[in-house]
Every structure is written in C-alpha cells, then in structure tokens.
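**Student:** Quick one: structure below, then a few questions.
The values are calculated or read from the model by the stated rules, or taken from the named source; none is laboratory data. Treat the numbers as computed from the prediction; the structure is a model and nothing was measured. Here the Cβ positions follow ideal geometry from the backbone for every residue, glycine too, while neighbour counts run over all protein chains shown.
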C-alpha cells in the first residue's frame, strides 16, 4: 500500500501466522519481527525497535482478544488502521505426505476448535494442542515427521516450504479476524493541504508528508474512533455515558468491558464509534467527561470494508 514501505512490523507469534499474513496485506515489503508474547510486541513499539505492530483484536467466531485490549490501554500507542482478514484453515504436512497417512495433527486450540467437523471425519488422527498455528508447521518441518500435520494458514506453508494436504477445513466460512495497525503515540501532525481537492486533511498520527502523498483521499479521512473509558461507580452512569454518545450522533458499533485490576466489579469499557463528521467524534468525547473518571482515545482511522 502507498506510504508503507521498508518498515519493521512486530507481530505476536511465528512467521507464517495470520498476523504475518495480515501485515503483508497492509504493508509493502515489510520486515516482520515475530515476538513470543503480546507484551513484547508493545514493548518493541514503545522502545522504537519497530515502526508499527499488527495485532488481532477480535474474531467473528472466537470473540475478542482480551489481552490486546488491556495492552492498548496500558501503553502509549495509537491505532492508525484496521483490516478484516478471512481466516482459512489448512491441513499442512511435509512435502510428499499423504492425508491418509497422517496420524496426528497439531495447532492452536482455537484453530482446532474451528475445525471440529473435519477432525471428526478423521477419528484416527490424534489431536494435539500447540502454542501457535504457524508454530505447528514450523515444528513438523523441524522434526521431519511425515505422519504429523499442522493446521494453519497458507502463509505458514509458504514460509516453511511445507505442503497443503487439505484446504479450507474450517467449520464456518464466515470466519474473519479484525487486525489493527498500532504505532507509538506521537504529537498530532499539523493539517496538510490537499492540492488535488483544495481541502485540509488531518494526517494520521506518526505519518510523514511523504507517506501521506502516496495515499488516496479516502484513506486520510478517518471515520471510526476507538476509545476506552471508566465511569464513576454510581447507578446510571454507564447509561448516561452511552446516551451522551448517542446525542453526539455517532454510531456505536462495538462495546467491550474489561475488569479494573485491584478494584473488584469495576470495569473499563472499550467502544468503537462510527462518525461522518469530525465534530461528531469530538462531541462524543466531550460528552464522556461529565460521567467518566478516565477517558483514553485509542485512535481515529478508516473503518475496514
């Protein structure tokens, strides 16, 4: 994509993972930096070891990635883009291996749970949970076990020179994961003048003028706001906060709650809001100050189609 070249992108998990696949959709020729833990991804962002990170935030079948909500709140980072990736699981084995000779299959528990129908049709195959989808393919290629297979995306097969023995083995075709591009928070870049349309456009946080020049008009016009807030621990405060956002004219597309550590039965709420005019986003943020003891804007960006 325009403006995103020669960058270091952190992901959680092994090369060949769905996060890796999403990063390749989002960036042109990135250097992928795999991290064992999600916390390491965010630490790499804050210490400048990488330019950005690509993280999954929710799956249409498995639900939200709770840890990533917590890390977005904890660290001084900002969401700048999102993408929805179709999750297509494949049975992957050694080159030359045959499906009928596979005796065990490994993968992340979530991937295994999303392929129950396929696995039920092959009861002789022993199912083993593994730490990572792509990691299962990496492991079988290291062990050179022709009777073992992993369940992962096609990127894993390409990354480790393995072979897809059966494709599209997931139970439900409506399997999508929403990934976020996250960058270290920086001061807002001043508005830039678009010579082509004669309009002032806000540059996404951390984006250079050169990067902006390579992007289309729709990309630099955010229409989605993600934020976190905590209401006062009083009756009716959450309802009042939601009503305030409704009066601002924004479209509440998602709400997620996370517990506040050390404060039982108190929660931080994460919301995604769609808006048409920037003033709507500002009004929604302003409405929260009356009833909230904490409000953090997580990012304004273009909603994925």
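**Student:** Can you tell me which residues in segment 283-302 are farther than 19 Å from residue 238 by Cα and out of contact with any helix residue (DSSP H, G or I) (no Cβ under 7 Å at 6 or more places or on another chain)?
**Tutor:** 299, 301
**Student:** Next up: Give segment 1-48 a look and list any residue that's under 21 Å from residue 70 (Cα atoms), touching a helix residue (DSSP H, G or I) at 6+ places or on another chain (Cβ under 8 Å) and part of a loop (DSSP other than H, G, I, E, B), or say none.
**Tutor:** Selection gives 13 alone.
**Student:** Does residue 77 meet the test of being surrounded by fewer than 19 Cβ atoms within 10 Å (Cβ to Cβ) and either in the same structural domain as residue 274 (by TED's automatic domain parsing) or under 30 Å from residue 301 (Cα atoms) (or both)?
**Tutor:** Against the criterion (surrounded by fewer than 19 Cβ atoms within 10 Å (Cβ to Cβ) and either in the same structural domain as residue 274 (by TED's automatic domain parsing) or under 30 Å from residue 301 (Cα atoms) (or both)), residue 77 does not qualify.
**Student:** Of all residues in segment 267-286, which are surrounded by 15 or more Cβ atoms within 10 Å (Cβ to Cβ), within 25 Å of residue 58 (Cβ to Cβ) and over 23 Å from the mean Cα position of the chain (by Cα)?
**Tutor:** Narrowing segment 267-286 to residues surrounded by 15 or more Cβ atoms within 10 Å (Cβ to Cβ): 267-275, 280-281, 283-285.
Okay, now just the ones that are also within 25 Å of residue 58 (Cβ to Cβ), so 267-275, 280-281, 284-285.
Answer for segment 267-286, where residues must be surrounded by 15 or more Cβ atoms within 10 Å (Cβ to Cβ), within 25 Å of residue 58 (Cβ to Cβ) and over 23 Å from the mean Cα position of the chain (by Cα): 280, 284, 285.
**Student:** As an exercise: evaluate residue 63 against (1) without any contact (Cβ under 8 Å) to a residue 12 or more places away in the chain; (2) in contact with a strand residue (DSSP E or B) (Cβ under 7 Å, 6 or more places away or on another chain) and give the number of the one condition it does not meet.
**Tutor:** Failing condition for residue 63: (2).
**Student:** Since residue 79 meets every condition but one in (1) touching a residue at least 40 places away in the same chain (Cβ under 8 Å); (2) under 20 Å from residue 39 (Cβ atoms); (3) not in a strand (DSSP E or B), which condition does it not meet?
**Tutor:** The single condition residue 79 does not satisfy is (3).
**Student:** Further question on the same structure: In segment 225-251, what residues are part of a helix (DSSP H, G or I), touching a strand residue (DSSP E or B) at 6+ places or on another chain (Cβ under 7 Å) and more than 25 Å from residue 304 (Cα to Cα)?
**Tutor:** 237, 238, 241
**Student:** Mind checking which residues of segment 241-252 are surrounded by fewer than 17 Cβ atoms within 10 Å (Cβ to Cβ) and in contact (Cβ under 8 Å) with a residue 40 or more places away in the chain? Steps first, answer last, please.
**Tutor:** Residues of segment 241-252 surrounded by fewer than 17 Cβ atoms within 10 Å (Cβ to Cβ): 243, 246-247, 249, 251-252.
Of everything in segment 241-252, just one residue is surrounded by fewer than 17 Cβ atoms within 10 Å (Cβ to Cβ) and in contact (Cβ under 8 Å) with a residue 40 or more places away in the chain, namely 247.
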